[in-house]
Every structure is written in structure tokens, then in C-alpha cells.
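The values are calculated or read from the model by the stated rules, or taken from the named source; none is laboratory data. These numbers come from a predicted model, not from an experiment. Heads up, the Cβs are rebuilt from the backbone with ideal geometry, glycines too, and the neighbour counts pull from every protein chain shown. Each accessible area value is taken on the protein alone, full model and side chains, heavy atoms only, with ligands, DNA and RNA left out. Shrake-Rupley method; radii C 1.70, N 1.55, O 1.52, S 1.80 Å.
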Amino acid sequence: MSTLRQRFDRWMQTRTLPGLTPGPHEIEIRRDLRVPMEDGVELLADLVVPVGKPAGTPAGTAAGTAAGIPATTPAGTAAGTAAGVLPTIVIRGPYGRRGRVAKQAYALGREGFTVLFQSCRGTWGSGGVFTPQVDEQRDGAATHRWVREQPWYTGRTATFGASYMGFTQWAAAAHADALCLQVTMPDFGAVTWDNGAFALRNALGWTQMMDRMIRQDFLPMLLGMLRPDPALKRGFATLPLSAGDTAATGREVHWYQDWVRHESLADEYWTQQSHTAAVPGVTAPVYMITGWYDIFLPWQIRTHALLTGAGRQPRLTIGPWGHSDAELDATAVGEATAFLKTEATAFLKTEATALLKTEATALLEGEDAALLTGEARELPVRAYRTGAGQWHDLPSWPPPGVTGQTWHLHDGGRLHTDLPQGGITSYVYDPADPTPASGGPSLEPKQGPVDDAAHESRPDVAVFRGDVLTEDVTLAGTPVARIRFRSSQPSADVFVRITDVHPDGRSMSVCDAIRRVEAAAREDKAKTATGVGEAETATGVGEAKTATGVGEAETATGVGEAKTATGVGEAGAATREEEAGAATEESEVEIELWPVFHRFAAGHRISVQVSSGAHPRYARNPGSGEPAATATEPHRATQEISHDPVRPSHLDLPVWPDQNRL
């Protein structure tokens with residue numbers, strides 16, 4: 001690569017990964033390597049190799065040797081073994097290997113890592129048919145075996161990548177020596193059917209994007225990034241749900257059809273794709289990074305808890321970011337580089353062969369030792385506290401000292417720690433005019449808190465306000481809503497959101513979650529959920545989150561003992577009526593909201609919304625209780641929230657006291 005091109009690429013890195021200074025190495029890129037899979041299909045990959053000595057490093061120094069294996073250096077020689085100080089990084093994804101998607105791979109190469117960036121089966125020139133999630137375990141294993149046979153292999157492997165490129169890491173975790181997991185999770189079924197509600201905006205939006213990529217229909221894809229996509233909007237509005245892909249893409253997409261027709265996470269379709277059960281057995285070092293507004297946040301926090309519950313010590317960073325935030329991407333490269341170099345140093349000191357230790361002594365003690373070691377982070381968790389604008393290094397998540405505090409929903413729209421005196425709050429939900437989504441985590445570029453003041457004036461949104469706070473209150477963990485709820489229809493959704501009401505009247509979103517409540521006729525569809533681990537069970541809902549499956553390290557509230565989502569599947573034993581359907585019985589609907597680390601400042605108010613939808617973030621619930629894929633007739637529903645003092649509707653909030661702030 002020419003010097004001019006190298007300079008241009010370095011300049012581009014400063015624009016696409018803001019705040020990250022390009023590493024000291026130049027890189028060489030070898031295109032379209034063919035990697036054979038076990039069934040004979042070949043997948044294409046690009047190899048990023050650091051070349052020459054780092055800028056400012058004299059030729060022949062140990063640091064220059066360790067930067068990376070030259071193409072002509074066979075593995076196993078003294079020089080090749082010394083280069084194994086840094087692992088070979090494997091990235092596998094379906095989004096291409098050029099342009100912006102490759103920015104992190106190139107940045108890692110400039111830090112001295114050899115990087116293999118591979119396109120998944122059926123994408124971007126790779127052979128076979130793309131079926132999301134299904135082939136990644138066997139293809140990942142075959143790729144790692146192939147890497148270990150190559151002359152440029154540096155002796156150990158690490159994996160890296162965001163979103164789907166994180167899922168491929170979990171699929172092949174048994175073959176990696178370290179994992180760097182960015183905004184991801186090991187079970188995409190759980191985010192597709194989130195507590196029984198279909199995540200329409202993400203599922204259909206991603207399906208349209210991938211269909212256009214596979215067909216190389218780039219102009220509509222580009223236009224869709226610049227303005228609202230009318231085809232996608234039609235897809236969101238289409239009933240039945242199974243016709244959404246045709247409206248958005250012009251054809252049926254096989255995986256989307258599979259998704260909408262498998263509502264239960266206990267179905268083999270989903271269980272064969274889930275790698276959650278294997279998480280506690282992962283012994284390789286793990287670095288994780290996510291954002292408070294990422295679509296995978298709750299599940300990434302739970303996999304972190306699975307690891308800590310198994311005695312591991314994963315690194316975790318949670319920042320003020322959404323799924324596709326450029327600052328998150330830059331932070332991920334910088335922290336992963338430090339993490340992998342620190343792990344490489346530890347490997348040298350404890351497990352390296354005598355030959356490598358001879359070479360390594362100069363590396364670890366020489367003047368360029370910083371090239372092999374990153375920032376030493378003393379505490380394993382780094383989290384950004386929203387509402388305060390502060391970063392905190394913590395010994396665990398949730399942080400020590402968190403205690404539970406119960407706030408009750410009162411008739412008349414009050415939220416208070418006192419018990420309610422009775423009454424009913426009711427509203428009407430009309431799936432023909434569904435309650436719209438107001439912000440919320442998504443794949444869209446703009447993500448973060450939104451002002452819900454106008455949204456809360458809708459008649460289908462019930463709002464409960466706390467008193468003005470006389471002192472700061474910080475929540476740190478997973479709030480849990482327990483709503484005594486009844487619907488006039490056999491199927492309903494309960495959507496709960498906490499907001500921070502500012503003195504000027506803005507009601508800024510903090511965290512939320514949804515759960516579907518259905519009549520007993522369909523409870524047999526979801527007896528066991530797989531979204532958080534084998535110990536997690538679902539009662540009449542596609543997925544019921546319980547902290548049991550996460551281990552003792554994280555509980556349902558992040559504060560006390562694990563709680564099971566009881567009563568959710570009991571929401572009505574009546575069968576459907578021909579017209580509008582039979583009403584559900586009143587029951588307690590338990591909903592774990594998304595994890596939060598937020599300060600409500602003195603003078604602000606804590607507020608909560610209860611509604612029955614957030615369309616198109618989640619598909620509307622027609623109310624009939626029919627299978628989601630085929631239901632077409634919307635039914636208006638009267639929803640009731642009980643304020644019984646004996647069995648009150650309430651929030652359990654994880655409060656972090658002042659004296660425990662670090």
C-alpha cells in the first residue's frame with residue numbers, strides 16, 4: 001500500500017473512530033482469501049497484517065520484531081514465535097469487508113495485530129446460503145482450525161466484533177483464547193421475541209438491510225440510510241405480521257418467515273441457535289462493551305453475570321451510547337487493544353515456552369514495552385452514570401451497596417413509597433391506531449434519551465409522577481415493575497417506562513421494557529425460555545426473565561434475591577370469543593426493565609408510564625390471542641391497572657446510596 005494511501009487511511013480513521021489515535025504500524029491487506037468449510041463451501045476473507053517496524057522504533061529492536069509476522073516468516077521459527085506475543089484476531093460478519101465496516105479491523109492492524117476478517121456464509125462473495133445464526137458455530141470452528149494452519153498465524157487467537165460479529169464470537173467461543181464482545185448477545189431469539197413481543201422495528205429493518213446486501217441492491221439501501229424508507233414503513237403497518245417482509249422487500253425472506261412463526265423460545269428452531277447455556281463454561285478472558293441505549297443491553301449484562309457467577313472476571317464497559325455510536329466503536333478498539341496486550345503479557349509471564357520467554361524478556365523490559373501493554377484497569381467494571389455525566393470504575397455490576405426501594409402506583413397518577421388506597425386506572429388500547437414508540441433502543445443512527453412530555457398526553461398512556469426530589473437519587477441495576485393488570489381481550493402487552501422529569505417539564509426517558517400477557521390457551525407454547533440460561537423459565541410468555549438463570553451474581557432487581565416472573569402466564573383462563581375475545585383475569589405482570597445507572601437530581605421527579613404498545617419498535621398486539629404470524633383483525637381493549645393496597649402495583653428500584661459512590 002502506497003505511503004499516500006496509508007496517510008489517507010490514517011486520516012480516515014481519525015474521522016470514523018473519533019478520539020482514537022491510529023496505532024504505530026502500517027498495514028498490508030490481502031484480499032479474498034478462500035477459507036474452506038467442512039461441507040466444502042468456501043468463505044472469503046481479507047487478511048490485515050502489520051508490516052515493518054512501528055513508527056519511531058529502530059530496526060532490529062525487539063518491539064519491531066514483535067509487531068507482527070512478516071508474510072515470509074514461517075510459524076514456529078524464533079521470530080515467528082516472538083510475534084505470537086499478540087494474538088491473531090478473527091472477525092466474522094455478514095456486512096462486508098470494505099469501507100466503514102472494516103474500520104475497526106484496520107485500526108487493530110495498526111496496533112500490531114494480524115486480523116482475519118471473514119464474510120459469513122452466503123454474504124459478500126462467500127459461498128452457500130445465508131441463514132442467520134444457524135451456521136455460525138460450525139463455520140466458526142472450521143475457520144479457527146484453518147487459521148491455525150496458516151504461516152501468518154501468531155500462536156494464539158482472539159475474536160473481536162460488534163452485534164452479529166459478536167454473536168459469531170459466542171458461537172465459536174470454545175476455539176478462542178480471548179473474546180472482545182461489543183454490543184452483542186449469545187441468543188438472538190431472546191431479543192427477537194422480547195418477553196413475548198416481536199421486536200418488529202429491529203427484526204424487519206435488519207431483514208430488509210440484509211436482503212438488499214445479499215442482492216447487492218445498494219441504491220435503495222443508501223437512500224434508506226438518508227431518509228425514512230417508505231417500503232419499510234409499509235412493512236411496519238402490514239398485517240398479518242408474516243406479510244411484513246414482502247411489503248418491505250418485495251419478496252418473502254426465509255429467515256423472517258421462520259422468526260414470526262416461532263414465537264416460543266423453547267422451540268428447537270431457537271434453542272439450536274442459542275449459545276447461552278455454554279457461557280458459564282467459557283474460560284478464555286472476556287472483554288465486553290455496550291451502551292445504555294443499545295438493543296442488546298439487558299442480555300449482555302446477563303451474560304456478564306453468567307460469567308461472574310461461574311467465577312470468571314470479565315471486563316465490562318457501559319457508556320452513554322447506542323448500538324452504532326462511533327465513539328463506542330473507537331472506545332472498543334482502544335480498550336480491546338489494551339485488554340489483549342495485557343492478556344498477552346500475562347501469557348508470556350505464566351505460560352509461554354522457554355523459547356518465547358527468551359525473546360519476550362527484551363519485549364517486557366525494553367524501552368518499547370508499552371507497545372505490548374495497555375492501560376492497567378484496576379477494577380473490572382467501568383460505567384457511565386447518566387444524569388450526572390460521570391464515569392465510575394466499579395468492582396462489580398450492580399455496584400456494592402445497592403438496596404431495594406419500592407414505589408407504588410396510586411390512583412390519580414401519583415407515584416410514592418406509601419401504599420395506595422385503592423382504585424383503578426384504565427385506558428383504551430386500539431391496535432388499529434397503536435401507541436407509537438417514543439425513542440428507545442434501535443438500529444437507527446440517532447439513539448439516546450427522548451422527551452416524552454407530548455407522548456404522555458396520549459389517552460392510551462397512563463402516567464404516574466413522584467414528588468419533587470429533595471436530594472439526588474441514583475438507580476444502579478435492574479428496576480422491576482409489578483403491575484396488577486387486567487385486559488378486556490385475551491392477549492395484551494404491558495409496556496413500562498421510567499422517565500426523569502426535569503423542572504422545565506421535560507420528561508426524559510431512562511429505561512423501559514415490555515411483556516405480553518396471554519390467555520391460558522396458549523401457555524403450553526412457552527414453558528421454558530432460553531434467553532438468559534437454562535434456569536430461566538417462561539409462564540405463558542415467549543420469555544420470562546428471572547435472575548435465577550443469571551446466577552447469584554445478578555438478581556431480578558439487581559439488589560435482592562432472584563425473583564421469578566410468577567402470575568404472568570395466569571393472565572386469564574378464559575377462551576377467545578368469536579368477536580372480541582374473552583377478558584383476561586387480573587394478575588400481577590412482572591417486567592424487568594432495562595439496566596440503568598442514572599442520577600435523578602434534586603428538584604427532578606421520578607415518573608413511570610404504563611401503556612400497551614410501542615409501535616413499530618414492537619409489533620402491535622391485535623388482542624385476539626391468535627398466532628402473531630397470521631392474526632389480521634385488530635380488537636380494541638380496555639386495560640386496567642389496580643391500586644389495591646393489599647396487592648399494589650409498584651416498582652422495585654435499585655438505589656445506590658451516596659456513601660457508596662466511587
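Where residues in segment 72-101 are modelled with pLDDT under 95 and within 24 Å of residue 8 (Cα to Cα), which of them is surrounded by the fewest Cβ atoms within 10 Å (Cβ to Cβ)?
Among residues in segment 72-101 that are modelled with pLDDT under 95 and within 24 Å of residue 8 (Cα to Cα), the one surrounded by the fewest Cβ atoms within 10 Å (Cβ to Cβ) is 99.
Between a first residue in segment 383-411 that is on the phi > 0 side of the Ramachandran plot and a second residue that is modelled with pLDDT of 95 or more and in a loop (DSSP other than H, G, I, E, B), which pairs have beta carbons less than 8 Å apart while being 6 or more apart in sequence or on different chains?
Between residues of segment 383-411 that are on the phi > 0 side of the Ramachandran plot and residues that are modelled with pLDDT of 95 or more and in a loop (DSSP other than H, G, I, E, B), the close pairs are 387/601; 401/656.
Look at segment 280-302 and say how many of its residues are part of a helix (DSSP H, G or I) and either over 18 Å from residue 190 (Cβ atoms) or modelled with pLDDT under 95 (or both).
Number satisfying all stated conditions: 1.
Could you please let me know if residue 335 is acidic (Asp, Glu), within 21 Å of residue 157 (Cα to Cα) and open to solvent by less than 50 Å² (accessible area, probe 1.4 Å)?
Against the criterion (acidic (Asp, Glu), within 21 Å of residue 157 (Cα to Cα) and open to solvent by less than 50 Å² (accessible area, probe 1.4 Å)), residue 335 qualifies.
Which residues, taken from segment 382-414, are open to solvent by less than 30 Å² (accessible area, probe 1.4 Å) and touching a helix residue (DSSP H, G or I) at 6+ places or on another chain (Cβ under 7 Å)?
397, 399
Identify all residues within segment 300-317 that are farther than 24 Å from residue 206 by Cα, among the hydrophobic types (A, V, I, L, M, F, W, C) and open to solvent by less than 10 Å² (accessible area, probe 1.4 Å); write none if there are none.
305, 307, 316
Restricting to segment 492-540, and then to whatever is at pLDDT 50 or above and basic (Lys, Arg), can you tell me which residue is farthest from the chain's Cα centre (by Cα)?
For segment 492-540, the residue satisfying everything is 506.
Taking the residues in segment 28-71 that are out of contact with any helix residue (DSSP H, G or I) (no Cβ under 8 Å at 6 or more places or on another chain), modelled with pLDDT under 50 and loosely packed, with under 14 Cβ neighbours inside 10 Å as candidates, determine which candidate is farthest from residue 5 (Cα to Cα).
Top of the filtered list is 60.
Evaluate the following for residue 239: is it touching a residue at least 12 places away in the same chain (Cβ under 8 Å), open to solvent by 30 Å² or more (accessible area, probe 1.4 Å) and on the phi < 0 side of the Ramachandran plot?
yes
Test residue 137 against the stated conditions and say whether it is touching a residue at least 40 places away in the same chain (Cβ under 8 Å), in a helix (DSSP H, G or I) and open to solvent by 10 Å² or more (accessible area, probe 1.4 Å).
In short, yes.
Among the listed residues 305, 277, identify the single one that is in a helix (DSSP H, G or I), under 25 Å from residue 512 (Cβ atoms) and at pLDDT 95 or above.
305
So residue 196 fits all but one of (1) open to solvent by less than 10 Å² (accessible area, probe 1.4 Å); (2) without any contact (Cβ under 8 Å) to a residue 60 or more places away in the chain; (3) closer than 30 Å to residue 625 by Cα; (4) out of contact with any helix residue (DSSP H, G or I) (no Cβ under 8 Å at 6 or more places or on another chain); what number is the exception?
(2)
Considering only residues of segment 439-460 that are in contact with a Ser or Thr (Cβ under 9 Å, 6 or more places away or on another chain) and not in a loop (DSSP other than H, G, I, E, B), which is nearest to residue 290 (Cα to Cα)?
451
Could you go through segment 473-495 and let me know if any residue there is open to solvent by less than 40 Å² (accessible area, probe 1.4 Å), among the acidic types (Asp, Glu), in a loop (DSSP other than H, G, I, E, B) and touching a residue at least 40 places away in the same chain (Cβ under 8 Å).
There is no residue in segment 473-495 that is open to solvent by less than 40 Å² (accessible area, probe 1.4 Å), among the acidic types (Asp, Glu), in a loop (DSSP other than H, G, I, E, B) and touching a residue at least 40 places away in the same chain (Cβ under 8 Å).
Across segment 408-438, what is the total count of residues that are in contact with a Ser or Thr (Cβ under 6 Å, 6 or more places away or on another chain) and either acidic (Asp, Glu) or under 18 Å from residue 606 (Cβ atoms) (or both)?
The total comes to 1.
Scan 290, 276, 271 and give me the residue that is in contact (Cβ under 8 Å) with a residue 40 or more places away in the chain, farther than 23 Å from residue 391 by Cα and under 15 Å from the mean Cα position of the chain (by Cα).
Exactly one of 290, 276, 271 is in contact (Cβ under 8 Å) with a residue 40 or more places away in the chain, farther than 23 Å from residue 391 by Cα and under 15 Å from the mean Cα position of the chain (by Cα), namely 276.
Could you list, in sequence order, the residues of segment 620-632 that are among the aliphatic types (A, V, I, L, M) and open to solvent by less than 10 Å² (accessible area, probe 1.4 Å)?
Correct list: 629, 631.
Conditions (1) open to solvent by 30 Å² or more (accessible area, probe 1.4 Å); (2) of a type in the set (A, V, I, L, M); (3) at pLDDT 95 or above, marked per residue:
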| position | (1), (2), (3) |
| --- | --- |
| 553 | yes, yes, no |
| 589 | no, yes, yes |
| 593 | no, yes, yes |
| 611 | no, no, yes |
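Pairs needed: first member in segment 423-446, open to solvent by less than 40 Å² (accessible area, probe 1.4 Å) and at pLDDT 95 or above; second member anywhere, β-branched (Val, Ile, Thr) and not in a loop (DSSP other than H, G, I, E, B); C-beta distance under 6 Å; at least 6 residues apart or different chains.
Qualifying pairs under 6 Å: 425/641.
Within segment 255-298, how many residues turn out to be out of contact with any Pro (no Cβ under 8 Å at 6 or more places or on another chain) and buried (at least 23 other Cβ atoms within 10 Å of the Cβ)?
Looking only at that region, the number is 9.
Those residues that are surrounded by 23 or more Cβ atoms within 10 Å (Cβ to Cβ), small (Gly, Ala, Ser) and outside any loop (DSSP other than H, G, I, E, B), I need them from segment 140-183; list them, please.
Passing the criteria: 140, 158, 161, 162, 166, 171.
Output the residue which, of all residues in segment 633-662 that are of a type in the set (Asp, Glu) and at pLDDT 95 or above, is most open to solvent (accessible area, probe 1.4 Å).
633
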